[in-house]
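Down below is the structure, laid out as structure tokens.
The values are calculated or read from the model by the stated rules, or taken from the named source; none is laboratory data. Note that this is a predicted model, so its numbers are computed, not measured. So basically every Cβ, Gly included, is an ideal-geometry build from the backbone, and we count neighbours across all protein chains shown. Ligands, DNA and RNA are stripped out before the accessible areas are found, and what is left, the full protein with its side chains, is counted by its heavy atoms. Shrake-Rupley method; radii C 1.70, N 1.55, O 1.52, S 1.80 Å.
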Amino acid sequence: MELISNENSTVLEQSENSSSSQIIKIFKEQESNLQSIKNSTARDRRKKLKLLKSKIFEYREAIQNALFADFKKPAIETDVSEIYPSIAELKHTLNHFEDWMLDEEVDTPITLLGSSAYIRYEAKGNCLLITPWNYPFYLAISPIIYAVAAGNAVILKPSEFTPNTAKILKKLLAEVFSEKEVAVIEGDHHVSTELLKLPFHHIHFTGSPKVGKIVMEAASKNLSTCTLELGGKSPTIVDETANMKEAANKIVWGKFLNEGQTCIAPDYILVHESKMAALVAAMKVEIENKYGSNMSSRMQGGNLCRMVNSRHFSRVQDLVEDAKSQGAIVEYGGDFNEADNYIDPTILSSVPKHSNILQEEIFGPVMPMISYKSIDEALQIINGKERPLALYIFSKKEKNIEYIMQNTSAGGTCINDTLLHITQPNLPFGGINNSGIGKSHGKWGFIDFSNERSVHRQHFRFSMSMLLQPPYNKFSKFVIDMTMKYF
Ligand code: NAD
């Protein structure tokens, strides 16, 4: 498969953008096929998911090459953060989705004596997935797994900024699904806009809060349900009891993986003032151990990918320049190679609170550090911003951990680690308000693409409601009085 230059993607995508009539044709074909997908058995769905798994293994090298062409992502990092999570979620789903599909009985209160009730998980129907460029393979495959397990038809619109991965996704998925089941429509935001006009039953969007608002507004026109997996500024607190070497190891890995372009990357650090110097020193050691001792060895080392394009390169460079101009100190890195969209791992201290880098999601390999005197000072900074997608705590003191948990809110939290909560299949994944609406992964992923249909079944001719129907009289009053008092 011929690889294409990422920087040319916009021009290329515009010439290839699917026309509105093509989009409508695919949507209608899926619509007419909905009932048959909805009625597919667990066996049918298992067959599809198993084929998807084997195709991912078959395409492993092609996926690595596509990610490398898109933003020089190292092959092993593609395995670790794109292919392995996709396979892991597929395995977990294959092991459990037949249980998830079962009707779920619920308890019956005495006021509904004689009946039973259950929840039926039925497919939502036509689903639209709009996905970002930062983990362009995994973030497209993951919702497809759950949408298919729950019996839906899917149109995927991958990001235009990673065109090679979009092409591989299209090719691979076409070998598993017909277009009536899962279709890939490539293109930029014009294509998203056309898609968002259609009456999808469900929209699953992964991307920025800014575009999330556009998606939600469009969804409201058709009252489509909507899951928004968004981003924002995820704080990391390192208190005075934390082990600095351990914290540095885990923070450096979580921050510089994917060159900082991770939705749950630690965005900024709040560290107790007594540990600032020790943490900076430990992070420098970790950066050099992991990536090399100078910029040239880090660029050549094959362990760091690049910023996805020149626009994002300049955006992050501007954030650093703005912080420096306001007095931030570059503790490490701070160098840029424009020709290669490369930003060296960078640590900043003394960053003014109102500088842009402490207001916007960084989404790049730059770590601003703020020192605090009391934990309340740190919490005030966190709670002065939008609720984050992730919040990380490094501490050995149970009281501090619980105090931080009690006095903040976040989509997810790792205590004494970073990122790994996303890999725990028995936890829901998602944000809260500005960082996201709705949850994904594992059973929550299946529920995300299912309508939880409530079923109340009466087993007798008599129904409790008969005791309370008009004409109202003394007996009705007695029944309702007793019911309110005792049941
Ligand atoms: P983005 O919001 O710019 O784009 C995401 C998708 O939306 C792309 O497919 C794009 O083509 C489309 N899009 C762009 N403008 C649009 C418009 N006006 N109307 C409709 N669709 C439009 O996000 P991005 O730059 O690709 O990704 C980075 C953001 O995504 C960060 O904020 C990051 O935190 C977030 N993110 C969140 C998660 C998560 O799971 N919560 C995962 C990855 C990334």
**Study point:** the range 329-475: antiparallel DSSP beta bridges as a percent of all, rounded to 5
**Key:** 50 percent
Review point. Could you give the length gained on full extension between residue 469 and residue 110, defined as 0.36 nm per residue of separation minus the Cα-Cα distance, in nm?
Key: 127.5 nm
Check your understanding: How large, in Å, is the range 235-430 by the Kirkwood hydrodynamic radius built from its alpha-carbon pairs?
Key -> 16.8 Å
Practice item. Quick one: go through the range 45-73 and flag any residue whose amide nitrogen is under 11 Å from the point 7 Å out along the Cα-to-Cβ line of residue 175. Key: 52-63
Practice item. On the protein heavy atoms, probe 1.4 angstrom, tell me the percent of accessible surface of the chain carried by carbon and sulfur. Key: 54 percent
Exercise for review: With everything on Cα atoms, drop me the angle between helix 138-149 and the longest principal axis of the chain, reported from 0 to 90° to the nearest 10.
Suggested key: 10 degrees
Point to revise | Three-way shape call for the chain based on the alpha-carbon gyration tensor, with the a/c threshold at 1.5 | key: oblate
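Per DSSP H run of n ≥ 4, the term is -39500 (n - 2.57); total these for the chain, divide by its residue number, and report the mean residue ellipticity at 222 nm rounded to 500 deg cm²/dmol.
-13500 deg cm²/dmol
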Point to revise | Rel. contact order, % - alpha carbon contacts under 8 angstrom, at least six apart, the range 235-430 | key: 28 percent
Practice item. Would you calculate the separation in nanometres between label points at residue 281 and residue 326, each defined as 7 Å from the Cα along the Cα-to-beta-carbon direction? Key: 3.0 nm
Check your understanding: Could you give me the ³J(HN,Hα) list for the range 203-217, computed from phi with Karplus coefficients 6.51, -1.76, 1.60 and θ = phi - 60°, whole Hz, x at Gly and Pro?
Key -> 10, 10, 10, 10, x, 7, x, 4, 6, x, 5, 5, 5, 5, 5
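Among the listed pairs 73/197; 47/91; 245/290; 213/255, which have their C-alpha atoms separated by more than 24 angstrom in this model?
73/197; 213/255
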Point to revise | Contact order normalised by residue count of the chain, Cα under 8 Å, 6+ apart, percent | key: 19 percent
Check your understanding: How much accessible surface area, in Å² rounded to 10, belongs to the heavy atoms of residue 306 with a 1.4 Å probe?
Key -> 20 Å²
Exercise for review: Give me the lysines in straight-line cross-link reach of residue 477: C-alpha distance below 16 Å, same-chain residues under 8 apart excluded.
Suggested key: 485
Point to revise | Modelled FRET efficiency - R0 41 Å, residue 214 with residue 50, Cβ distances, 0.05 increments | key: 0.65
Point to revise | With eigenvalues of the C-alpha gyration tensor scaled by 5 and rooted, the range 32-74, Å | key: 32, 13, 6
Study note, to complete from the structure: Expected field for residue 321, accessible surface area in Å² at 1.4 Å probe radius, rounded to 10, holds 80 Å²
Exercise for review: Using a Förster distance of 41 angstrom, determine the FRET efficiency expected from the C-beta separation of residue 374 and residue 426, and round it to 0.05.
Suggested key: 0.70
Practice item. Mind checking the per residue accessible area of the chain for me, 1.4 Å probe, whole number of Å²? Key: 45 Å²
